[in-house]
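K.L.:
The structure follows.
The values are calculated or read from the model by the stated rules, or taken from the named source; none is laboratory data. Owing to the predicted nature of the structure, the values given are computational and were not obtained by experimental measurement. Heads up, the Cβs are rebuilt from the backbone with ideal geometry, glycines too, and the neighbour counts pull from every protein chain shown.
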Amino acid sequence: MELIMNSLGGICEEMADALVRSSRSPNIKERRDCSCCVYTAKGEIVAQAEHIPIHLGVMAGALRFILEDFSPRNMREGDVYMVNDPYYGANHLPDFIIVGPLFVEGTIVGFAASMAHHTDVGGMSPRSMPANATEIFQEGLRIPPIKLVDDGVLNEAVERIIVTNSRLPEERRADLMAQVATVAVAQKRLQEMGALYGAGEIAATMSDVLDRSEAALRGVIGALPRQRFEGASLADFGGTSIPVCVAIEPRDDTLVIDFSDTGAQTSSPFNSSVAATLACVFMAVRITVAEGLAVNAGLYRAIEVKLPAGTILNPDFPAAISAAAQVSYHTFEALMAAFAALYPNQVIAGSGGGGVFSFGGTNPETGRLFAYGEALGGGSGASVSADGESGMIPPIANLHDTPVEALEMSLPVRIERYELVEDSGGAGKFRGGFGLRRAFRMLTDVRCSFQVSMPTHGPIGLAGGQRGRRTEIAVTNPSGTTRRIDRFSEITVDSGTLITIETAGGGGYGDAEERDGQAQRDDARRGYGFTPRAREVLA
């Protein structure tokens, strides 16, 4: 069992490494906005690469829809399927999910999948993350479950439709083919495993491991106190804040997680897909109740999630949904607040981020269209035993920032500042991490989309810790006039415009009066002390 499971984990890591190496876009190659996993023949995740938590919860839902439309009885070894539509189990339209069956001795023993964020899939603004969309049709090309490769033969008509709908067709083709190649990597490795163990042994091991994880988690849940634990967050995208409320209640050997009191969906892209919401639940359970247990879909069987339709966490079609990840920051924050009473040593305060900044136009050096964007990190929340980390994407995303050199070599932009916002962490016995300051000087006219995260309320503190500082964005035009961006916005700016984004800091943990004197002296020595401006903001 250990040999087979470690081999499957190694396959997932090899798939991810191959995808990063062979992709073209900075989004995958530099930021590593991608994930890979292996499923059982029934479509349950059995092994995964440790990359982006929200992706791994999403891919399980997408495969279920693929299997509803395509019977495994009719699949062949060279078949590859894909989907990107959130209403078919995906996350948001730029995330392409590519799936292929894994055959051993002529029998399907499982499936391999990769998920990658493609830089541009059409829609009303460059990079397909429009801030002012009101329905999903404005966000890009919707792809329901389809067969992309039939018995080893690429459907070139489908490929042509996909690349034609992107502002970056060559990049889309390259990244798409890189994903298809990852499936081939997994298929080759499973054939090698099959020669050692056989199809029956591999399938039986997968099933046994899932059953063991389920039984272990149910045992832990059965020992929890029979109480109801509640947590809340304000999902903040500027102007209006939507309450995300969760109640956690152990019932027999099942953990019931209820979001019934959460606020209604918005008329903006600030809505979460069902799959992304479930991914937040799975991650929160994994680091608390299920700590130390083997991570796979067996754990999910012991969790019941109540998710009413029409809420920001389960919007009705055709709601726009591209900002699902930003909503998930708050979903995870609410879950941490609820689990804090049960597992105070394993939760963190709210983590900061700046949301997603996207821009595009025509590159004056090449005369071709370009599009770029990134989810901007902030300060991580503090814990019961440590300050929060600085300059980190919120935990549910786990992305890298794009290096300055990669940006400036490929785009008409200059990064003039890239540093910590040193007064942005929430005060506490342990302070929150600091947000990032990133200043973009545009070297051509561009269209910008700001899906701003946390512009009104900074991330929450726990156990008496204070909120982190909120996100602030300033747009300074060539004449020196500055405007503030404090909500989802789309604007066009001239060449020479400077856009400065200061992302939210993490929440603090515990009473600030109890902060260790040496920690305070260390902060002062490093220039991390709380300034009068910070105290004013945090108040």
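K.L.:
Restricting attention to region 168-181, does a residue exist that is without any contact (Cβ under 8 Å) to a residue 24 or more places away in the chain and not in a helix (DSSP H, G or I)?
P.N.:
No, that holds for no residue.
K.L.:
Please enumerate the residues belonging to region 124-135 that are farther than 11 Å from Ser268 by Cβ and out of contact with any helix residue (DSSP H, G or I) (no Cβ under 7 Å at 6 or more places or on another chain).
P.N.:
Result: Ser125, Pro126, Arg127, Ser128, Met129.
K.L.:
Next up: Among (1) out of contact with any strand residue (DSSP E or B) (no Cβ under 7 Å at 6 or more places or on another chain); (2) under 26 Å from Ala223 (Cα atoms); (3) buried (at least 18 other Cβ atoms within 10 Å of the Cβ), where does Ala294 come up short?
P.N.:
(3)
K.L.:
Select, from Ala319, Ala337, the only residue that is farther than 22 Å from Asn398 by Cα, at pLDDT 95 or above and out of contact with any Pro (no Cβ under 8 Å at 6 or more places or on another chain).
P.N.:
Ala319
K.L.:
Restricting attention to region 225-248, report how many residues are crowded, with 17+ Cβ neighbours inside 10 Å and more than 18 Å from Tyr329 (Cβ to Cβ).
P.N.:
Counting residues in region 225-248 that are crowded, with 17+ Cβ neighbours inside 10 Å and more than 18 Å from Tyr329 (Cβ to Cβ) gives 3.
K.L.:
Could you tell me which residue of region 401-417 is nearest to the chain's Cα centre (by Cα), considering only residues that are surrounded by 15 or more Cβ atoms within 10 Å (Cβ to Cβ) and not aliphatic (A, V, I, L, M)?
P.N.:
So the residue we want is Asp401.
K.L.:
Any residue at all in region 298-312 that's surrounded by 21 or more Cβ atoms within 10 Å (Cβ to Cβ) and in a loop (DSSP other than H, G, I, E, B)?
P.N.:
yes
Yes or no, residue by residue, for (1) assigned by TED's automatic domain parsing to the domain that holds Gly367; (2) over 30 Å from Arg515 (Cα atoms); (3) modelled with pLDDT under 95; (4) not in a loop (DSSP other than H, G, I, E, B):
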site: Ser385; (1), (2), (3), (4): yes, no, no, no
site: Ile396; (1), (2), (3), (4): yes, no, yes, no
site: Tyr418; (1), (2), (3), (4): yes, no, no, yes
site: Asp423; (1), (2), (3), (4): yes, no, yes, no
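K.L.:
Taking Pro225 and the conditions (1) assigned to a loop (DSSP other than H, G, I, E, B); (2) in contact with a strand residue (DSSP E or B) (Cβ under 6 Å, 6 or more places away or on another chain), which numbered condition does it fall short on, given that it satisfies the others?
P.N.:
(2)
K.L.:
Here is a follow-up. Looking only at region 120-165, count how many residues are within 20 Å of the chain's Cα centre (by Cα) and surrounded by fewer than 16 Cβ atoms within 10 Å (Cβ to Cβ).
P.N.:
0
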